[in-house]
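Engineer: There's a structure below that I have some questions on.
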Amino acid sequence: MNDLSDYILQTKNIVKQFPGTLALDHVNINVKRGEIHALLGENGAGKSTLILTLGGVYQPNEGEILLDGETVTFESPLDAREKGISVVHQELSLLPDLSIAENIFTTRQPVNRIGFVNDRQMEADTTEMLKLFKMEKTKPSTLIKYLPIAKQQVVEILKAISDKPRVLILDEPTSSLTNVEKELLFENLRALKKQNIAIIYISHHINEVFQIADVMTILRDGRNVCEAEVSKVDENFIITNMVGRNVDSSFWEKAKVKTEDEYFEARNLSCKGAYTDISFSVKKGEIVGFAGLIGSGRTEMARGIMGIDHRDSGEIFLEGKKLKIEQPSDALANGMGYVTEDRKKAGLFINFAVNENLVSNKLKSFTHRGFINDRDITTFSVKTIKDFGIKVKTYKQKMSSLSGGNQQKAMLANWFSLNPKVLIIDEPTRGVDVGAKSDIYIKLREIANTGVSIIVISSELLEVLGLSDRLYVMRQGKIVGELSNEEATEENVIALAAGIAGTRKERN
């Protein structure tokens, strides 16, 4: 039996109520010193509400928080930080027009004897911290807005570590990190663990839990489901307890392709500095995947195809007809759709209602003589919500109130309702829990089986392997390999993406 003194952080029957929603229902979590404690659950399970409560953003309606065995109240995020709780939220909180150093040491910059900020000391301290992620060549004076998203994520983590916290809470910390950066993060977390710092680790990537965590707590519908030592459970145990059901694996079924003809073709697409001489094809009703490391040029290629960004050269064909695509409206007019990797900034009107989002790209269909037919919008929205399994209390609630998985389903529904011939989907399940992933995979296969050609870009190797009927691998802006379903193994894809010589099917 554990001595209470073993625990650095505990919650006792925490309740958090919002209008019409019981987000946390008597939740308990017990975290030891020097322990990496995974907090798991589907989107909407209560994880984010719990860490916002532990981080001082929310105050609980009932229950108590114990720090070192003493009941504490966090009046604000600053109060929580000062008492030893540092949180890295999934949504970055960096200030883009300030430097790396200024962001890491916000509100606590070192000062000299006469009270002025000691920039030299602050930048020297920042350089030492950047070494933790092998970023010593990055200047501390670099403005955040000039960093790629993966390095911004690193800065957010360094900012939290620099507080020298007693408890470090990480919400989806690897969502934008490369594999190298992820391994460095794990290395640093293990070092913090040896310093007796407690870490609460939230991730949808179950393999990461087995790599890094000692103990896990699973939440579902705002309630505790179980607490267990990670070494004593398997993946099926975690998934079943998170979802409350066995997850359907039928999405791994392959295409029911009715023709061998090339339906969509890209020939010799190039954009200086982004991608070079890209040529590939997709059959009708086929799912073709694009794998590669972050920065390989996959997203830039997709945006070039859709006319979102300029491309220097190349041709696009659909049903044998050459298309002229200079802007997104040209792509849409020819039956092409694009589901962005960033649903909050570029894919949804996050502060508008669900039904408004679902009809946002087809308002003309609901307009007669200049007037919008609200009844038709309601009928369409209710049907779409049901067809795509979008969990809502009402179609009029704000999109921002939905979980990540339901937002993703809504964005997919929004595009599919246009009846596209070709649908490009960039990171189809980013920030989505295991249950919603299953639903999305099944829906993508259903869409493909109607004859839609689908191009999937994904940084999750198992996802792109499982979904794709064929697979292209990109490296440094070029397609370096094309793999059939039988040839598309983890080993072959990784070898191609990393540039290991002698890989079968490598393009010259």
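The values are calculated or read from the model by the stated rules, or taken from the named source; none is laboratory data. Because the structure is a prediction, the values reported are computed rather than measured. Methodologically, a virtual Cβ is constructed for each residue, glycine included, from the backbone with ideal geometry; neighbour enumeration extends over all protein chains shown.
Engineer: Restricted to the stretch 35-71, and to residues that are small (Gly, Ala, Ser) and more than 14 Å from LYS83 (Cβ to Cβ), which residue is surrounded by the fewest Cβ atoms within 10 Å (Cβ to Cβ)? Talk me through it step by step, then tell me what you get.
Structural biologist: Narrowing the stretch 35-71 to residues small (Gly, Ala, Ser): 38, 41, 44-46, 48, 55-56, 63, 69.
Next, from what is left, pick out any that are more than 14 Å from LYS83 (Cβ to Cβ): 38, 41, 44-46, 48, 63.
Working: ALA38: 23, GLY41: 27, GLY44: 23, ALA45: 25, GLY46: 24, SER48: 22, GLY63: 16.
Across the stretch 35-71, the extreme among qualifying residues is GLY63.
Engineer: Within the stretch 409-423, track down each residue that is among the charged types (D, E, K, R) and in a helix (DSSP H, G or I).
Structural biologist: Hit for the stretch 409-423 is LYS409, nothing else.
Engineer: Still on this model: Can you name every residue in the stretch 88-111 that is among the aliphatic types (A, V, I, L, M) and surrounded by fewer than 14 Cβ atoms within 10 Å (Cβ to Cβ)?
Structural biologist: Going through the stretch 88-111, the residues among the aliphatic types (A, V, I, L, M) turn out to be 88, 92, 94-95, 98, 100-101, 104, 111.
Matches in the stretch 88-111: LEU95, VAL111.
Engineer: Closer than 28 Å to VAL392 by Cα and either assigned by TED's automatic domain parsing to the domain that holds GLU136 or not in a loop (DSSP other than H, G, I, E, B) (or both): which single residue out of LEU94, LEU52, LEU78 fits that description?
Structural biologist: Numbers: LEU94 fails: closer than 28 Å to VAL392 by Cα; LEU78 fails: closer than 28 Å to VAL392 by Cα.
That would be LEU52, the only listed residue that is closer than 28 Å to VAL392 by Cα and either assigned by TED's automatic domain parsing to the domain that holds GLU136 or not in a loop (DSSP other than H, G, I, E, B) (or both).
Engineer: Of the residues ALA23, ALA45, ALA38, which is within 19 Å of LEU402 (Cα to Cα) and part of a strand (DSSP E or B)?
Structural biologist: On the way: ALA45 fails: part of a strand (DSSP E or B); ALA38 fails: within 19 Å of LEU402 (Cα to Cα).
Within the list ALA23, ALA45, ALA38, the selection yields ALA23.
Engineer: Also, I was wondering about something else. Could you check LYS443 against (1) surrounded by 19 or more Cβ atoms within 10 Å (Cβ to Cβ); (2) touching a strand residue (DSSP E or B) at 6+ places or on another chain (Cβ under 7 Å) and say which number it fails?
Structural biologist: Only one criterion is unmet by LYS443, namely (2).
Engineer: Now, a different point. Which condition from (1) more than 27 Å from the chain's Cα centre (by Cα); (2) assigned to a loop (DSSP other than H, G, I, E, B) is the one that ASN13 breaks?
Structural biologist: If we test ASN13 against (1) more than 27 Å from the chain's Cα centre (by Cα); (2) assigned to a loop (DSSP other than H, G, I, E, B), just (2) comes out false.
Engineer: So, one more: Out of VAL480, VAL456, VAL452, I need the residue that is in contact with a Pro (Cβ under 7 Å, 6 or more places away or on another chain), of a type in the set (Val, Ile, Thr) and more than 22 Å from LEU177 (Cα to Cα). Which one?
Structural biologist: Going through VAL480, VAL456, VAL452 in turn, just one is in contact with a Pro (Cβ under 7 Å, 6 or more places away or on another chain), of a type in the set (Val, Ile, Thr) and more than 22 Å from LEU177 (Cα to Cα): VAL452.
Engineer: A follow-up question, please. Would you mind stating whether GLY431 is in contact with a His (Cβ under 8 Å, 6 or more places away or on another chain), surrounded by fewer than 21 Cβ atoms within 10 Å (Cβ to Cβ) and outside the structural domain of THR174 (by TED's automatic domain parsing)?
Structural biologist: Values: in contact with a His (Cβ under 8 Å, 6 or more places away or on another chain): yes; surrounded by fewer than 21 Cβ atoms within 10 Å (Cβ to Cβ): yes; outside the structural domain of THR174 (by TED's automatic domain parsing): yes.
It is true that GLY431 is in contact with a His (Cβ under 8 Å, 6 or more places away or on another chain), surrounded by fewer than 21 Cβ atoms within 10 Å (Cβ to Cβ) and outside the structural domain of THR174 (by TED's automatic domain parsing).
Engineer: I've got another one for you. Of everything in the stretch 111-154, what is in contact (Cβ under 8 Å) with a residue 60 or more places away in the chain and among the hydrophobic types (A, V, I, L, M, F, W, C)? Give them in sequence order. If you could, list the steps in order and put the result at the bottom.
Structural biologist: Here is the first cut: in the stretch 111-154, the ones in contact (Cβ under 8 Å) with a residue 60 or more places away in the chain are 148, 150, 152-153.
Matches in the stretch 111-154: ALA150 only.
Engineer: Tell me, yes or no, whether the stretch 466-484 has at least one residue that is without any contact (Cβ under 8 Å) to a residue 60 or more places away in the chain and either assigned to a helix (DSSP H, G or I) or not assigned by TED's automatic domain parsing to the domain that holds LYS345 (or both).
Structural biologist: The initial filter retains those residues of the stretch 466-484 that are without any contact (Cβ under 8 Å) to a residue 60 or more places away in the chain, namely 480-481, 483-484.
Those left that are additionally either assigned to a helix (DSSP H, G or I) or not assigned by TED's automatic domain parsing to the domain that holds LYS345 (or both): none.
For the stretch 466-484, residues without any contact (Cβ under 8 Å) to a residue 60 or more places away in the chain and either assigned to a helix (DSSP H, G or I) or not assigned by TED's automatic domain parsing to the domain that holds LYS345 (or both): absent.
Engineer: When GLN397 is evaluated against the numbered criteria (1) surrounded by fewer than 17 Cβ atoms within 10 Å (Cβ to Cβ); (2) farther than 26 Å from GLY41 by Cβ; (3) touching a helix residue (DSSP H, G or I) at 6+ places or on another chain (Cβ under 9 Å), which criterion, by number, is the only one it fails?
Structural biologist: Against the list (1) surrounded by fewer than 17 Cβ atoms within 10 Å (Cβ to Cβ); (2) farther than 26 Å from GLY41 by Cβ; (3) touching a helix residue (DSSP H, G or I) at 6+ places or on another chain (Cβ under 9 Å), GLN397 comes up short only on (2).
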